[in-house]
Amino acid sequence: MAERRVTVVAEVGLHARPAATFVQAAAKAPIEVSVCKLNRDPVNAKSILAVMGLDVRQGEEIVISAEGEGAEELLDELAAIASAP
Amino acid sequence: MTGAGVSPGNGHGPVKGVGVSPGIGYGPAYVLAEQVPEPPVGERYAGEAGPEKDRVAQALERVAAELDRRGERAGGQGREVLGAQAMMARDPGLAVEVAALVDTGLAAPRAVFEAFQKYRDLLTAAGGYLGERAADLDDIRDRVIAVLTGVPMPGVPEEAPGGVPYVLVARDLAPADTAVLSSAVVAAFVTEEGGPTSHTAILARAMGVPAVVACPGATTLDGNLLVDGGAGLVEREPEPHRVEQVRRADAARRRLLAETTGPGRTADGHRVPLLANLGGPADVPAALQAGAEGVGLYRTEFLFLDRASAPSAREQEEAYRAVLEAFPRGKVVVRTLDSGADKPLAFLPPPGEEPNPALGVRGLRMGRHVPEVLTGQLQALARAAEGTSAQLQVMAPMVATAEEAAWFAAACRTAGLPEAGVMIEIPAAALRSADLARFVDFFSIGTNDLAQYAFAADRQLGVLSDLQDAWQPALLDLVALAVGGHGRPCGVCGEAAADPALACVLAGLGVGSLSMGAAGLPAVRAALARHTLVQCRAAAGAARAAASGEQARAAAREHLPGLSELGL
């Protein structure tokens with residue numbers, strides 16, 4: 001299982017456009033990928049409703065996890081989206 | 001139309017509301033579905049689980065595809081917002097949830113309802129921005145249930161059924177409801193809520209579609225409706241000859257108004273330039289056609305709404321230049337970004353909790369809180385003006401003090417902009433306009449917000465529309481204070497300027513220019529041309545001497561005999 005720890009710096013947090021971009025990128029990958037806030041249950045990163053429901057705000061840290069072929073590349077892409085200002 | 005207003009349920013008499021966009025509209029009522037009924041608790045299906053799950057999957061996909069299609073049609077930011085809604089309908093977690101509920105025996109509509117409820121609770125519990133997204137989720141849920149149960153889909157028909165424009169009737173309209181509409185589809189708007197300065201009213205005027213707001217019981221109306229957006233009357237099932245008669249009278253009135261052309265002036269030649277309010281470059285053709293001499297209010301919010309970040313310098317520059325080039329040698333007054341309160345921006349959240357956003361960090365206050373957005377806008381404006389012959393003036397919204405005015409004027413000078421002004425929409429600024437005048441080149445009075453703050457009455461609330469009446473003598477006093485004694489030009493760019501009688505009163509108070517939605521220009525031009533400045537001043541004096549808005553209107557009209565000749 002590979003993972004990335006990222007601090008969300010966008011002012012809107014992982015909501016609105018950043019959330020949509022994040023979920024779109026996750027959804028096109030053929031492998032499972034999850035996201036969670038520290039010490040909380042992970043949710044499906046391909047679910048816009050679950051990702052919004054995490055209520056990740058500016059300055060909060062998240063952990064993105066994936067396993068399988070292309071996991072590293074996918075995590076790099078998702079980490080870049082989540083950490084974009 | 002004649003006759004006093006009668007409440008609905010009283011035979012087929014006319015229903016009275018507040019007319020906010022003049023003109024006559026006639027067509028079948030289309031009542032915007034308020035909500036789709038909740039599927040019964042514990043409702044079960046007959047047959048196999050497989051086909052029931054397939055029904056749900058097809059309904060979700062149909063709704064998602066419809067949202068995508070509407071997004072494509074709306075374009076721009078609408079595409080992004082509706083695209084995100086389509087993603088919610090296609091959410092894999094939601095699909096799993098619904099399927100599990102169907103496996104327990106719940107019928108598809110109820111399973112959908114309960115699955116959405118779980119996510120809805122999650123968003124509502126988070127509150128704030130997420131809490132507001134719960135409405136998006138409800139909208140999708142209702143659409144899916146409508147597909148499954150065969151009830152009418154909520155939302156506005158984008159095409160006129162059978163090519164006959166309809167009268168859109170609703171409790172209230174959200175900007176999302178109306179993003180895809182045009183006058184080819186909608187004959188008139190009638191809403192129960194909303195005041196003269198609500199978004200429905202502003203949009204209707206921009207579209208040139210008649211509208212009646214604050215109309216009690218409107219959503220019980222059905223059949224064919226005849227709407228008088230000037231008098232604020234709605235008639236049910238009028239006889240065909242009646243429709244013809246009203247339309248002919250309206251056409252005659254329009255022809256009469258169109259006989260007055262040229263720049264705005266009173267009968268004795270006192271110049272009052274007539275300018276247009278624009279929400280974006282798309283409003284330019286209507287403004288030019290109505291003979292606008294320039295632009296008195298270019299709202300720049302359209303560039304910024306529903307975005308995760310500020311638009312690029314180039315994008316801004318192009319949108320500004322498009323309008324400057326449309327008015328060679330004309331005046332173009334651009335208002336800097338007015339975010340906050342009823343126009344929140346995703347990338348410019350207020351710095352803290354705001355229990356009362358209309359009194360929060362909005363307008364120039366936000367500009368000072370996040371100066372790089374304002375600075376970027378001022379620089380883009382300065383570049384856009386290079387090489388065009390229009391007279392660019394830039395003004396800030398929500399200015400309360402001379403110190404704020406000085407700060408803004410300095411920011412404009414730094415950006416290389418020659419003329420800086422401020423809006424007067426806070427009573428404090430009107431009271432101390434002479435102090436502000438030391439720092440800026442001009443003023444523009446925003447009567448909508450000035451009334452909201454002077455009367456402590458939320459402009460979105462239909463129930464308070466009496467207090468939003470720009471004829472209130474207290475508001476006229478504030479206008480007189482804002483205009484007087486400092487030697488700086490002062491215009492009005494609120495909706496009050498589009499009321500032909502009030503436009504004469506404003507001219508009488510010393511207002512130097514009037515800016516309004518393009519549809520209002522012909523009537524105001526004709527009204528000014530029929531009265532002398534002395535008559536306008538007498539009307540203004542009579543209005544200020546009155547004790548209520550209603551009395552002020554009546555008193556002013558006594559000095560303005562040309563209005564009834566024009567059918568105004």
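The values are calculated or read from the model by the stated rules, or taken from the named source; none is laboratory data. Not measured: the values here are computed from a predicted model. Neighbour counts run over all protein chains shown; Cβ positions are idealised from the backbone, glycine included.
Hey, among B:G517, B:G541, B:G512, B:G567, which residue is surrounded by fewer than 23 Cβ atoms within 10 Å (Cβ to Cβ) and at pLDDT below 95? Quick ask: steps written out before the conclusion?
On the way: B:G517 fails: surrounded by fewer than 23 Cβ atoms within 10 Å (Cβ to Cβ); B:G541 fails: at pLDDT below 95; B:G512 fails: at pLDDT below 95.
None of the other options fit; the residue is B:G567.
Mind listing whichever residues of the range A:1-50 are over 20 Å from B:G131 (Cα atoms), in a helix (DSSP H, G or I) and β-branched (V, I, T)?
Passing the criteria: only A:T21.
Scanning for something within 30 Å of B:A184 (Cα to Cα) and either within 14 Å of chain A (Cβ to nearest Cβ) or surrounded by 14 or more Cβ atoms within 10 Å (Cβ to Cβ) (or both), does the range B:104-120 turn up at least one residue?
Within the range B:104-120, the subset within 30 Å of B:A184 (Cα to Cα) is none.
Looking through the range B:104-120, none of the residues is within 30 Å of B:A184 (Cα to Cα) and either within 14 Å of chain A (Cβ to nearest Cβ) or surrounded by 14 or more Cβ atoms within 10 Å (Cβ to Cβ) (or both).
The rows are residues; the columns are (1) touching a strand residue (DSSP E or B) at 6+ places or on another chain (Cβ under 6 Å); (2) closer than 16 Å to B:M88 by Cβ.
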{"residue": "A:A26", "(1), (2)": "yes, yes"}
{"residue": "A:E32", "(1), (2)": "no, no"}
{"residue": "A:L49", "(1), (2)": "no, yes"}
{"residue": "A:A82", "(1), (2)": "yes, no"}
{"residue": "A:P85", "(1), (2)": "no, no"}
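Is one or more of the residues making up the range B:203-211 touching a helix residue (DSSP H, G or I) at 6+ places or on another chain (Cβ under 8 Å), more than 14 Å from chain A (Cβ to nearest Cβ), crowded, with 20+ Cβ neighbours inside 10 Å and among the β-branched types (V, I, T)?
no
Just one of the numbered conditions (1) more than 10 Å from chain B (Cβ to nearest Cβ); (2) crowded, with 22+ Cβ neighbours inside 10 Å is not true of A:S65; which one?
Looking at each condition in turn, A:S65 falls short on (2).
Just to be sure I understand, how many residues within the range B:532-555 are within 11 Å of B:P473 (Cα to Cα) and under 30 Å from the mean Cα position of the chain (by Cα)?
11
In this structure, does B:L297 turn out to be assigned to a helix (DSSP H, G or I) and touching a residue at least 40 places away in the same chain (Cβ under 8 Å)?
no
Go through (1) in contact with a helix residue (DSSP H, G or I) (Cβ under 9 Å, 6 or more places away or on another chain); (2) at pLDDT below 95; (3) surrounded by fewer than 19 Cβ atoms within 10 Å (Cβ to Cβ) and name the single condition B:A249 misses.
(1)
Inside the range B:185-200, can you point out the residues that are more than 10 Å from B:G17 (Cα to Cα), in contact with a helix residue (DSSP H, G or I) (Cβ under 9 Å, 6 or more places away or on another chain) and modelled with pLDDT of 85 or more?
Selection gives B:V186, B:A188, B:F189.
Could you tell me how many of the residues in the range A:59-85 are assigned to a helix (DSSP H, G or I), out of contact with any helix residue (DSSP H, G or I) (no Cβ under 8 Å at 6 or more places or on another chain) and either aliphatic (A, V, I, L, M) or under 15 Å from A:R17 (Cα atoms) (or both)?
Residues meeting the conditions: 5.
Being of a type outside the set (V, I, T), touching a residue at least 60 places away in the same chain (Cβ under 8 Å) and touching a helix residue (DSSP H, G or I) at 6+ places or on another chain (Cβ under 6 Å) narrows it down to one of B:G264, B:G330, so name that one.
Going through B:G264, B:G330 in turn, the sole match is B:G264.
Which count do you get for residues in the range B:379-436 that are in a strand (DSSP E or B) and buried (at least 20 other Cβ atoms within 10 Å of the Cβ)?
So the count comes out to 10.
Identify all residues within the range B:340-360 that are within 14 Å of chain A (Cβ to nearest Cβ) and either closer than 23 Å to B:V492 by Cβ or in contact with a strand residue (DSSP E or B) (Cβ under 7 Å, 6 or more places away or on another chain) (or both); write none if there are none. Reasoning before the result, please.
Step one: list which residues in the range B:340-360 are within 14 Å of chain A (Cβ to nearest Cβ), which gives B:344-353.
Correct list: B:P350 only.
Of everything in the range B:59-80, what is of a type outside the set (D, E, K, R), surrounded by fewer than 21 Cβ atoms within 10 Å (Cβ to Cβ) and either in contact (Cβ under 8 Å) with a residue 40 or more places away in the chain or within 14 Å of another protein chain (Cβ to nearest Cβ) (or both)? Give them in sequence order.
Once the filter is applied, which keeps residues that are of a type outside the set (D, E, K, R), surrounded by fewer than 21 Cβ atoms within 10 Å (Cβ to Cβ) and either in contact (Cβ under 8 Å) with a residue 40 or more places away in the chain or within 14 Å of another protein chain (Cβ to nearest Cβ) (or both), the range B:59-80 yields B:A74, B:G76, B:Q77, B:G78.
Quick one: which residue in B:A346, B:A402, B:A382, B:A358 is in contact with a Phe, Trp or Tyr (Cβ under 7 Å, 6 or more places away or on another chain) and either closer than 24 Å to B:A429 by Cα or among the hydrophobic types (A, V, I, L, M, F, W, C) (or both)?
Among B:A346, B:A402, B:A382, B:A358, only B:A402 is in contact with a Phe, Trp or Tyr (Cβ under 7 Å, 6 or more places away or on another chain) and either closer than 24 Å to B:A429 by Cα or among the hydrophobic types (A, V, I, L, M, F, W, C) (or both).
Is it the case that A:V56 is more than 8 Å from chain B (Cβ to nearest Cβ) and part of a loop (DSSP other than H, G, I, E, B)?
The answer is yes for A:V56.
For B:L101, indicate whether it is touching a His at 6+ places or on another chain (Cβ under 9 Å), free of Cβ contacts under 8 Å to residues at least 40 places away in the same chain and either within 14 Å of chain A (Cβ to nearest Cβ) or surrounded by fewer than 22 Cβ atoms within 10 Å (Cβ to Cβ) (or both).
No: the conditions fail for B:L101.
Kindly provide the set of residues from the range B:463-477 that are crowded, with 24+ Cβ neighbours inside 10 Å and not in a loop (DSSP other than H, G, I, E, B), ordered by number.
B:Q468, B:L475, B:L476
Return the total of residues in the range B:545-561 being in a helix (DSSP H, G or I) and over 14 Å from B:A503 (Cα atoms). First the steps, then the outcome.
Step one: of the range B:545-561, the residues in a helix (DSSP H, G or I) are B:545, B:549-558.
Subset that is over 14 Å from B:A503 (Cα atoms): B:545, B:549-551, B:554-555, B:558.
Of the residues in that region, 7 qualify.
Considering every residue within the range B:305-314, establish whether at least one is hydroxyl-bearing (S, T, Y) and within 13 Å of chain A (Cβ to nearest Cβ).
yes
Looking at (1) at pLDDT below 85; (2) surrounded by 16 or more Cβ atoms within 10 Å (Cβ to Cβ), find the lone condition where B:L94 falls short.
(1)
For the range B:312-329, name all the residues that are in a loop (DSSP other than H, G, I, E, B) and crowded, with 19+ Cβ neighbours inside 10 Å.
Scanning the range B:312-329 gives a single hit, B:F327.
Quick check: is even one residue across the range A:20-31 facing another protein chain (nearest Cβ under 8 Å), closer than 23 Å to B:G127 by Cα and free of Cβ contacts under 8 Å to residues at least 40 places away in the same chain?
yes
Pull up the range A:6-19, narrow it to residues that are buried (at least 18 other Cβ atoms within 10 Å of the Cβ) and in contact with a strand residue (DSSP E or B) (Cβ under 8 Å, 6 or more places away or on another chain), then point me to the one that is nearest to the other protein chains (Cβ to nearest Cβ).
Residue satisfying both the conditions and the ranking: A:L14.
Since A:S47 meets every condition but one in (1) more than 18 Å from B:G93 (Cβ to Cβ); (2) facing chain B (nearest Cβ under 8 Å); (3) of a type in the set (S, T, N, Q), which condition does it not meet?
So the condition that A:S47 fails would be (1).
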